[in-house]
1. Can you find, within the range 101-118, the residue that is surrounded by the fewest Cβ atoms within 10 Å (Cβ to Cβ) among those that are in contact with a helix residue (DSSP H, G or I) (Cβ under 7 Å, 6 or more places away or on another chain) and either of a type outside the set (Ser, Thr, Tyr) or farther than 16 Å from Asn40 by Cα (or both)?
2. Out of the residues in the range 15-32 that are small (Gly, Ala, Ser) and in contact (Cβ under 8 Å) with a residue 12 or more places away in the chain, state the one that is nearest to Gly84 (Cα to Cα).
3. Given the criteria open to solvent by 70 Å² or more (accessible area, probe 1.4 Å), on the phi < 0 side of the Ramachandran plot and under 16 Å from the mean Cα position of the chain (by Cα), does Arg98 qualify?
4. Among the residues of the range 114-149, what is the count of those that are more than 17 Å from Phe33 (Cβ to Cβ) and either not charged (D, E, K, R) or not in a loop (DSSP other than H, G, I, E, B) (or both)?
5. Considering each of Gly84, Gly136 in turn, give the residue that is surrounded by fewer than 18 Cβ atoms within 10 Å (Cβ to Cβ) and touching a Lys or Arg at 6+ places or on another chain (Cβ under 7 Å).
6. Is it the case that Lys62 is free of Cβ contacts under 8 Å to residues at least 60 places away in the same chain, open to solvent by 50 Å² or more (accessible area, probe 1.4 Å) and either at negative phi or out of contact with any Pro (no Cβ under 7 Å at 6 or more places or on another chain) (or both)?
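The values are calculated or read from the model by the stated rules, or taken from the named source; none is laboratory data. The shown structure was predicted, so the numbers you read here are calculated from the model rather than taken from an experiment. Here the Cβ positions follow ideal geometry from the backbone for every residue, glycine too, while neighbour counts run over all protein chains shown. The protein model used for the area step is the full one, side chains on, heavy atoms only, and it has no ligands, DNA or RNA in it. Shrake-Rupley method; radii C 1.70, N 1.55, O 1.52, S 1.80 Å.
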Amino acid sequence: MGNFFGNHDQVRALTESQNQGGGYERLRLAQTFLFTSPNNVPMLYQGDDIGTTGDIDPDNRKMQRFTGLSVEEQKTLANAQKAGSLRAQHPALRRGKRTTVWLEDWFWVYKVTYDTDEVYVAINRDNTKQWSPPAGFVDGMGNCSGGQVPILTSCIFVKP
């Protein structure tokens, strides 16, 4: 089955996340979770790749935009593209088993494994946290380094 966080029957994800502060950042966290959840087909509703706003139907059915994107929209699109690419490269992110490595309020690190493929994912909804994967792993998203997971940021650690 497919997993999703947005569709034409609900308020846009960015609109919901903006109500809690850190709108685009929270949307990127949701994208990362969607693409790193194994044993499903991630379904990203048109516009949730860049962060389209919209209230209840019909306001949430805006036309997809491909040009003239803001800096935040470009960052959000790049996040979805990187997460999707890592999912394609790593069988663990498609068929693996998820286990929690570290969990505290607003910060979650999990490992996804399949055969010999291992991927670590950190999702931080809090202030900057300290966490490092085992030696030999790097953040394929380019968000984390030096053992720091910045505020409202996600990281997907893979072996290069």
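1. Only one residue tops the list, namely Asp117.
2. Of everything passing the filter in the range 15-32, Ala30 is nearest to Gly84 (Cα to Cα).
3. Answer is yes for this residue.
4. Final tally of qualifying residues: 19.
5. Of Gly84, Gly136, the one residue that is surrounded by fewer than 18 Cβ atoms within 10 Å (Cβ to Cβ) and touching a Lys or Arg at 6+ places or on another chain (Cβ under 7 Å) is Gly136.
6. Spelling it out, Lys62 is indeed free of Cβ contacts under 8 Å to residues at least 60 places away in the same chain, open to solvent by 50 Å² or more (accessible area, probe 1.4 Å) and either at negative phi or out of contact with any Pro (no Cβ under 7 Å at 6 or more places or on another chain) (or both).
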